[in-house]
Amino acid sequence: MRRRIKLVGTLGLLLLAGAMQAQLTVIWQRPDLLPDSLLILPGMSGALVADYSRACLLPLPDGRLQRIVLRNEEVVSVTPNGRWLVTVSGSRVRVRSLPDFALVREIDPPDIGRASGAVQHTNSAFPTPDGTHLLVSIDACEWVDDCNCMPVGYAVMLVRVADGQVIWERVQDEELFLLALSPDGQQALVENSYKVEILRVSDGAVLYSLPHRVVSTAYSPDGQLFALGHWNGTVTLHRASDGTLVRTFQMPGNRYAQRLRFSPNSSYLAALEGERVLIWDVSTGTTLSDIEPHGRATRSVDFYNNEQLLTLGEEMDYTLTTRLLDWQTGASVRQWLWVISRCSQVRFTPDGQSLGALSGGYLIIFWSLSDGLWQHMLKVRERIELFEFLPGQSAIVTAGPDQVLRLRDLATGGQRWGVVAHDSALTDIASSPDGARIATASYERVLKWWNAANGTLLNSFGSHLGGVTAIDVSPDGTLLASASYDGTVRLWQTATGMLLRIFSGHSGTVWDVAFIPNSTLLVSAGADGTLRLWDIGTGTALRTWQAAAGGVYRLGVSPTGHIIASTGEDGALRFWTRTAELLWTLTPPPAFRVIDFDFSSQSPYFAHILLSESLYDSLTVMATFTLPGDVDRNGCVDDGDLLQVLFAFGQTGDVPADVDGNGVVDDGDLLIVLFRFGLGCE
């Protein structure tokens, strides 16, 4: 019996070893986003940063943005107990559970009286703490011409989540807006024309009213108080049970409070006004802090805990920043940058420690590899379409639609030199391994070789019959490869400009070309959908394989030369061995495609950009790419990996040789390495 059990166990390990696949593991994602609000998620140590149609989960305090959690939904409220989230899309209301954001119910509120058939919009919606009911605020209008929609009705209603049944509704012609729901779900604040009414949620009855028209409101988490922000710059504090005025605060310069937030322990009240955030002591009325968390307007504020604030505001053109602050000192604990314009290109810095992303043509953002926090940015006046880091030079070379090649200081973005490089738009830039030389290509069929120190032209190469689409410099800097619309790849000697060889075989345009490190190989990608592996010495095509249904537009090679990545017309990202074995396919979300990517010199980091078909949204993704059994992460399962497993055998904990991740280096890890031995190697 023991022998049989052992046999079954070994068979299971073999099956596990055979089933292990290459993995692309996302570390963080950064969307281009124009957020206008943030919402703390109670009990989740996180927040939602949202614009009118998207929301991103921002875990705290580490801030490693994991994913876009919602699309085409406006986040409107969350229950104080952190169980339910409500979003709106047009007039439709969605209730989602937390922390998984699973959809619980979609509700289409009924038409508002005589506004049947009119355009309806849900302004706000609050779930009761048990998630069984929604208090919803709706307005409606009818189009009188192409530009004007005349208001025809307002409503506040209580809706049962289970079946969408309206429990009660209040419909009127005058303005009626739902402002807030008490933490226990028993009371609601509504603005009815020029007064605030406090309703009993169970039946909609008016408990009492206050003669105020307000800008902002908030209930204290303990439910004892609520605050009203008035147009005259005052903030009044009221007892929730009967509306008695408890205290009045005055905003500086009589400017109104755009947003009010109580601290979780109900002891402090934050008021947002323009660029400033004020913190008051609720019990004494004392101003405890007056801070300006952002360089420009602050859009949103919320308490992360009693001592810290999370704020969202404008820093400079094209960027917004979320800051976690110690509100007592105003010191920034952490900050996150939001890039408004879409990203189009990513490159790792030569040391492999940071990722540079081109955003909107005028910003290059530098992100931390580990958590995606921004490190610094370069802002330029001239539009950039291509950029490349120069190894060992503390410089970056850029090109744009003006055909000017510019060398910029990596720290400041200041221009060291600029030269009109070509008579037509540049299509690619590449640098020598030491950063001393720069190669450029353009639609005019000419390649150029520049001195990076001063922008002096050293050589021109020209014999292509069509525009040049891509170039790459060999790892030793002696060779230059070029791809072209003429369907060929050409090999040049950088020192003399001599044409050494022509590689023919692609049917149609060759879109990309790259040298494979630690080898005498070259790989190219074409409009015929193939990847082709060439021997540099003989010009022979060693291997050809179909890499996409349509054209292959972009390829990249890992630092060790064992893995080739490609993307093409179908928008998918694929990883290959040099023997044409498909290791992994990343299929983008609907309506997205991969447009650029890069391997880091610090294996196994890999970054790519997803672009939406609308061309308005992009997502920069940092990930790791690993092969099963590749313990040393050099892209090849070989003797080195086997030795690491053998030397670490029996060790427990977070050990690199624990391939299967079960907490101990054992037979399972050894079998995976043996089963996958030679994967990625040639």
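The values are calculated or read from the model by the stated rules, or taken from the named source; none is laboratory data. Being a predicted model, the structure only gives us computed values, none of them experimental. Backbone-built Cβ (ideal geometry, glycine too); neighbour counts: all protein chains shown. For the accessible areas, the whole protein counts, side chains as well, though only heavy atoms, and no ligand, DNA or RNA atoms are used. Shrake-Rupley method; radii C 1.70, N 1.55, O 1.52, S 1.80 Å.
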Of those in region 557-566 that are among the small types (Gly, Ala, Ser) and outside any strand (DSSP E or B), the residue nearest to residue 603 (Cα to Cα) is 558
| said: When you scan region 597-611, do you find a residue that is surrounded by 21 or more Cβ atoms within 10 Å (Cβ to Cβ) and at pLDDT below 90, even just one? | reply: yes
Exactly one of 104, 136, 159 is under 26 Å from residue 203 (Cβ atoms), at pLDDT 90 or above, aliphatic (A, V, I, L, M) and open to solvent by 70 Å² or more (accessible area, probe 1.4 Å), and that one is 104
Note on region 79-94: residues under 20 Å from residue 182 (Cβ atoms) and not in a loop (DSSP other than H, G, I, E, B) are 84, 85, 86, 93
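The rows are residues; the columns are (1) buried (at least 22 other Cβ atoms within 10 Å of the Cβ); (2) in contact (Cβ under 8 Å) with a residue 24 or more places away in the chain; (3) polar (S, T, N, Q).
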site	(1), (2), (3)
417	no, yes, no
424	no, yes, yes
429	no, yes, no
434	no, yes, no
441	yes, yes, no
460	no, yes, yes
466	no, yes, no
487	no, yes, no
493	no, no, yes
Given (1) assigned to a strand (DSSP E or B); (2) modelled with pLDDT under 90; (3) of a type outside the set (Asp, Glu), residue 411 misses just (1)
Filtering region 40-67 for residues that are modelled with pLDDT of 85 or more and open to solvent by 30 Å² or more (accessible area, probe 1.4 Å) leaves a count of 1
The lone condition residue 384 fails out of (1) over 17 Å from the mean Cα position of the chain (by Cα); (2) touching a residue at least 40 places away in the same chain (Cβ under 8 Å); (3) within 30 Å of residue 624 (Cα to Cα) is (2)
Note: among 523, 557, just one is within 21 Å of residue 429 (Cβ to Cβ), open to solvent by 20 Å² or more (accessible area, probe 1.4 Å), in contact with a Phe, Trp or Tyr (Cβ under 8 Å, 6 or more places away or on another chain) and among the aliphatic types (A, V, I, L, M), namely 557
Those residues of region 282-321 that are part of a loop (DSSP other than H, G, I, E, B), open to solvent by 70 Å² or more (accessible area, probe 1.4 Å) and under 24 Å from residue 44 (Cα atoms) come to a total of 1
Of 637, 621, the only residue that is of a type in the set (Val, Ile, Thr), open to solvent by less than 10 Å² (accessible area, probe 1.4 Å) and part of a strand (DSSP E or B) is 621
Of the conditions (1) touching a residue at least 24 places away in the same chain (Cβ under 8 Å); (2) within 39 Å of the chain's Cα centre (by Cα); (3) assigned to a strand (DSSP E or B), the single one that residue 150 does not satisfy is (1)
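The rows are residues; the columns are (1) within 19 Å of residue 606 (Cα to Cα); (2) open to solvent by 50 Å² or more (accessible area, probe 1.4 Å).
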position	(1), (2)
332	no, yes
336	no, no
339	no, no
346	yes, no
351	yes, yes
373	yes, no
377	no, no
380	no, no
396	no, no
Taking region 108-126 and keeping only residues that are over 19 Å from residue 52 (Cα atoms) and either open to solvent by less than 10 Å² (accessible area, probe 1.4 Å) or among the small types (Gly, Ala, Ser) (or both), one is left with 112, 113, 115, 116, 117, 118
Residues in region 414-431 that are of a type in the set (S, T, N, Q), under 22 Å from residue 468 (Cα atoms) and either within 32 Å of the chain's Cα centre (by Cα) or in a strand (DSSP E or B) (or both) total 2
